[in-house]
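Engineer: My questions all concern the structure below.
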Amino acid sequence: MGGVGEPGAGRGPREGPVRPGAPLPTYRWEQIRQHDLPGDKWLVIERRVYDISRWAQRHPGGSRLIGHHGAEDATDAFHAFHQDLGFVRKFLQPLLIGELAPEEPGQDGAQNAQLIQDFRALRQAAEDMKLFEASPAFFALLLGHILAMEVLAWLLICLLGPGWVPSTLAALILAISQAQSWCLQHDLGHASVFRKSWWNHVAQQFVMGQLKGFSAHWWNFRHFQHHAKPNVFHKDPDVTVAPVFLLGESSVEYGKRKRRYLPYNHQHLYFFLIGPPLLTLVNFEVENLAYMLVCMQWADLLWAASFYARFFLSYVPFYGVSGALLLFVAVRVLESHWFVWITQMNHIPKEIGHEKHRDWASSQLAATCNVEPSFFIDWFSGHLNFQIEHHLFPTMPRHNYRRVAPLVQALCAKHGLSYEVKPFLTALVDIVRSLKKSGDTWLDAYLHQ
């Protein structure tokens, strides 16, 4: 072999996978690091090196998701995103091109090897405690109460008429149903309900399409990226929101470059006008439709059409077309408020910036915090108040977060990592405080640098 790696191994992809039974070539991180380009990506899983350059486009989670781990150790991400590892490894085998040289560490860069080892032991403990096994009754109850709310809203209008009071109550009930549908489809998207991925996928299409009018593929495309690299610019779609809002490090960058597309020092105020009211109604609706058309997700389009057909066939007889449309807008706006406040209270106030190439546990902890649990908050937020546990173990059924939380707290205490838990109202206020802080930082950099 003539040393570590084949001749020219740091310059381009190998010609093909390693033949079964043949000795594996070895590579150093300095060689692997060069393969993080469009069309040329390697990654490491369990010390084995894989060339995903051509296969990335066929990756079920999307080429961006797997590409975000280019030239990195993706071992913990691999375990976090996949339930049936034996099945997935069949797809990895043809991509195998070598392994790390014996003297190379398992991770590139200055990462805490003991933390990584302890986190993997924690995950194994959670598996031994059967915390990745779902309760069918729990999720059946969730679906049942969503369907019950849909029926209740319609019965209110049917029995009491389309007056202001029943209409307001119906809109509130439908908004809560939509919010809970977000949570249930989120569980299904992470394959945390059924053991078979296919069943999770089919159920998610039903909930996301028929109950919500959105595309399951669109949601997974953007949400899995968020989990892979939370709060990382250009990798997490949830924080790549400039030039409308400036978050974290982008406020300094825009200030230094004298960029002023909006009055960012007042973004904590205009947030109330265009953030919570319009995210679902405008941004998600447009982005979702564009994704289905561009990516030709015709099955998702039919599912979404079935939602609109059901909704308008149910309410046009009482309101007429314009009235039913007004009811739809009211529900979307109310739902949008829930979505923004609940999903961002755990992330916006945390560290937001460019790629730091941290290990899995450190990257997730730096970008998340928890909200104090209670029966109501657990239900109302879809257990997203346990955001730390959810990000560390995305395929874990949410009803087990309380049980794994003490283990995570012990891990953080051992390694001096922050395990932040806030009161609910404080978490909401911190979103606004964070926006104001970023806006003030932008103004200071804009005026003085």
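The values are calculated or read from the model by the stated rules, or taken from the named source; none is laboratory data. Worth saying up front: this structure is predicted, and the values here are computed from it rather than measured. Reconstructed Cβ throughout: ideal geometry from the backbone, glycine too, with neighbour counts over all protein chains shown. The accessibility values were calculated without ligands, DNA or RNA, using every heavy atom of the protein model including side chains. Shrake-Rupley method; radii C 1.70, N 1.55, O 1.52, S 1.80 Å.
Engineer: Would you say GLN114 is more than 24 Å from the chain's Cα centre (by Cα), in contact (Cβ under 8 Å) with a residue 40 or more places away in the chain and closer than 29 Å to PHE224 by Cβ? Lay out the reasoning, then the answer.
Structural biologist: On the way: more than 24 Å from the chain's Cα centre (by Cα): yes; in contact (Cβ under 8 Å) with a residue 40 or more places away in the chain: yes; closer than 29 Å to PHE224 by Cβ: yes.
So GLN114 passes the test.
Engineer: Also: If only one of SER197, SER181 is under 23 Å from PHE224 (Cα atoms), open to solvent by 70 Å² or more (accessible area, probe 1.4 Å) and hydroxyl-bearing (Ser, Thr, Tyr), which one is it?
Structural biologist: Only one candidate passes the filter, namely SER197.
Engineer: Considering region 246-280 alone, what residues qualify as being among the aromatic types (Phe, Trp, Tyr), open to solvent by less than 30 Å² (accessible area, probe 1.4 Å) and closer than 27 Å to TRP182 by Cα?
Structural biologist: Within region 246-280, just PHE271 meets the criteria.
Engineer: Which of the numbered conditions does LEU302 fail, given that it passes all the others? Conditions: (1) part of a helix (DSSP H, G or I); (2) in contact (Cβ under 8 Å) with a residue 60 or more places away in the chain; (3) crowded, with 16+ Cβ neighbours inside 10 Å.
Structural biologist: Of the numbered conditions (1) part of a helix (DSSP H, G or I); (2) in contact (Cβ under 8 Å) with a residue 60 or more places away in the chain; (3) crowded, with 16+ Cβ neighbours inside 10 Å, the odd one out for LEU302 is (3).
Engineer: Find the residue count for region 380-411, including only residues that are without any contact (Cβ under 8 Å) to a residue 60 or more places away in the chain and touching a Ser or Thr at 6+ places or on another chain (Cβ under 7 Å).
Structural biologist: 2
Engineer: Can I ask one more? I want to confirm something. Restricting to region 315-352 and keeping residues that are part of a helix (DSSP H, G or I) and among the polar types (S, T, N, Q), which single residue is nearest to the chain's Cα centre (by Cα)? Steps first, please.
Structural biologist: Of all residues in region 315-352, those part of a helix (DSSP H, G or I) come to 315-344.
If we keep only those that are among the polar types (S, T, N, Q) too, we end up with 322, 336, 343-344.
Values: SER322: 35, SER336: 17, THR343: 10, GLN344: 11 Å.
Among those residues, the one meeting the criterion is THR343.
Engineer: Additional query: Condition test on ARG11, is it open to solvent by 90 Å² or more (accessible area, probe 1.4 Å), assigned to a loop (DSSP other than H, G, I, E, B), farther than 23 Å from ARG89 by Cβ and modelled with pLDDT under 95?
Structural biologist: Numbers: open to solvent by 90 Å² or more (accessible area, probe 1.4 Å): yes; assigned to a loop (DSSP other than H, G, I, E, B): yes; farther than 23 Å from ARG89 by Cβ: yes; modelled with pLDDT under 95: yes.
Against the criterion (open to solvent by 90 Å² or more (accessible area, probe 1.4 Å), assigned to a loop (DSSP other than H, G, I, E, B), farther than 23 Å from ARG89 by Cβ and modelled with pLDDT under 95), ARG11 qualifies.
Engineer: Can you spot a residue in region 362-383 that is closer than 30 Å to VAL44 by Cα, buried (at least 17 other Cβ atoms within 10 Å of the Cβ) and acidic (Asp, Glu)? Explain how you work it out, then say what you get.
Structural biologist: Here is the first cut: in region 362-383, the ones closer than 30 Å to VAL44 by Cα are 362-369.
In the following step, the residues that additionally are buried (at least 17 other Cβ atoms within 10 Å of the Cβ) were identified as 362-369.
Now restrict to residues that are acidic (Asp, Glu): none.
Looking for residues that are closer than 30 Å to VAL44 by Cα, buried (at least 17 other Cβ atoms within 10 Å of the Cβ) and acidic (Asp, Glu), one finds none in region 362-383, hence no.
Engineer: Filter region 290-299 for residues that are in a helix (DSSP H, G or I) and surrounded by 16 or more Cβ atoms within 10 Å (Cβ to Cβ) and give the result. Before the answer, list the steps.
Structural biologist: Going residue by residue through region 290-299, those that are in a helix (DSSP H, G or I) are 290-294, 298-299.
Those that are in a helix (DSSP H, G or I) and surrounded by 16 or more Cβ atoms within 10 Å (Cβ to Cβ): TYR291, MET292.
Engineer: A further question follows. Mind telling me which of the residues GLU335, GLU355 ends up being of a type in the set (D, E, K, R), modelled with pLDDT of 95 or more and within 30 Å of ARG433 (Cβ to Cβ)? Full working, then the answer.
Structural biologist: Details: GLU355 fails: modelled with pLDDT of 95 or more.
Among GLU335, GLU355, only GLU335 is of a type in the set (D, E, K, R), modelled with pLDDT of 95 or more and within 30 Å of ARG433 (Cβ to Cβ).
Engineer: A further question on this structure: Quick one: LEU325 ticks every box in (1) in contact (Cβ under 8 Å) with a residue 24 or more places away in the chain; (2) more than 22 Å from TRP219 (Cβ to Cβ) bar one, so which box is it?
Structural biologist: Of (1) in contact (Cβ under 8 Å) with a residue 24 or more places away in the chain; (2) more than 22 Å from TRP219 (Cβ to Cβ), only one is false for LEU325: (1).
Engineer: Read through the list (1) in contact with a Lys or Arg (Cβ under 7 Å, 6 or more places away or on another chain); (2) within 28 Å of SER197 (Cβ to Cβ), then give the number of the only condition that PRO60 fails.
Structural biologist: If we test PRO60 against (1) in contact with a Lys or Arg (Cβ under 7 Å, 6 or more places away or on another chain); (2) within 28 Å of SER197 (Cβ to Cβ), just (1) comes out false.
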